[in-house]
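Report on one structure; see the data block that follows.
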Amino acid sequence: MSPVLAVDGLTVSFGGRGGRLPAVSDVDLTVEAGEIVGLIGGSGAGKSTVARAVAGLVRPDAGSIRIAGSELLGAGRRELRRLRRTMHLVFQDPYASIPPTMRVADVVAEPLVVHRIGDRSEPADRAAEAVTAVGLPTSRLHSFAHELSGGERQRVAFARALVTGPRLILADEPTQMLDASLRRGLVDLIDELATGRGIAVLHVTHDLALAQHSCARLAVMCRGRVVEAGPTDRLLAAPRHDYTAALVAAAHHAPKGTS
């Protein structure tokens, strides 16, 4: 059976007339159904670029991106639309990614409207189900986004990701803008979505403690390349690459409550 996400030889570069600079070079990774894979590394390592390439927000120079065995790059419009319905990208900043003047019900139901899923009554019903699934009361459906806390906004973002019944969620530093006290709860939610619903999750993060808590496997990125990958416990206990060892050492010396 094909993994939900299979990335092979992904290469992305940015730049204009002055020349293009590589941001991601020859990246390989897979994520199975019900699995959380952590893509870790420091700022500028290329983690978010990988997630955005999978989501179709940046154009790769080379490589392959397959969703459940179907090639994403070069797919026709109809096939591309079908594949886009099977995934959702959750951004790191819930204040920028959710319009403050929209009601939660409309925010969550928006992907149903975009992808033309269901009849008139279905968006409201599905939005209620999705909000409940992420641990928010249905009364929040009537709230405006600007009335929510950062943690609530990010749960709304996951409800919006969940509403179409995706096979893959790309979570790009989803805890970055949250207080330390809220991060563990959001990671527990991600774990529930993966194990309880069989959703494949690519979790982009620099927080090794959270990655260790939730991710079955890790892929470590440095300067646009995956320098080490493997089961989380083995990789963190006995890193084989100097960069991974440096990340682990820095995490061990970080003050409690920081990443």
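The values are calculated or read from the model by the stated rules, or taken from the named source; none is laboratory data. Because the structure is predicted, anything quoted here is derived from the model rather than measured. Here the Cβ positions follow ideal geometry from the backbone for every residue, glycine too, while neighbour counts run over all protein chains shown.
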- [ ] Pairs only if they're at least six apart or on different chains, beta carbon under 7 angstrom, first in the stretch 1-16 and outside any strand (DSSP E or B), second among the polar types (S, T, N, Q); list them, first residue then second.
- [x] PRO3/THR30
Open item on the list: Can you find a residue that is touching a residue at least 24 places away in the same chain (Cβ under 8 Å), small (Gly, Ala, Ser), assigned to a strand (DSSP E or B) and buried (at least 20 other Cβ atoms within 10 Å of the Cβ) anywhere in the stretch 49-61?
Closed with: no
Open item on the list: Any residue at all in the stretch 108-123 that's assigned to a helix (DSSP H, G or I) and either more than 24 Å from ARG85 (Cα to Cα) or aromatic (Phe, Trp, Tyr) (or both)?
Closed with: no
Task: Members of the stretch 154-169 that are free of Cβ contacts under 8 Å to residues at least 40 places away in the same chain and farther than 15 Å from THR86 by Cα - done: ARG155
- [ ] Report, ordered by the first and then the second residue, all pairs with beta carbons closer than 6 Å, sequence separation of six or more or different chains, a first member in the stretch 220-237 that is farther than 14 Å from LEU208 by Cβ, and a second member that is in a strand (DSSP E or B) and of a type in the set (A, V, I, L, M, F, W, C).
- [x] GLY224/ALA23; GLY224/VAL24; VAL226/VAL27; VAL226/ALA219; VAL227/VAL220; ALA229/ALA219
Open item on the list: Can you find a residue that is buried (at least 18 other Cβ atoms within 10 Å of the Cβ), in contact with a Pro (Cβ under 8 Å, 6 or more places away or on another chain) and part of a helix (DSSP H, G or I) anywhere in the stretch 83-103?
Closed with: no
- [ ] Return the total of residues in the stretch 161-184 being in a helix (DSSP H, G or I), out of contact with any Ser or Thr (no Cβ under 9 Å at 6 or more places or on another chain) and either modelled with pLDDT of 95 or more or crowded, with 18+ Cβ neighbours inside 10 Å (or both).
- [x] 2
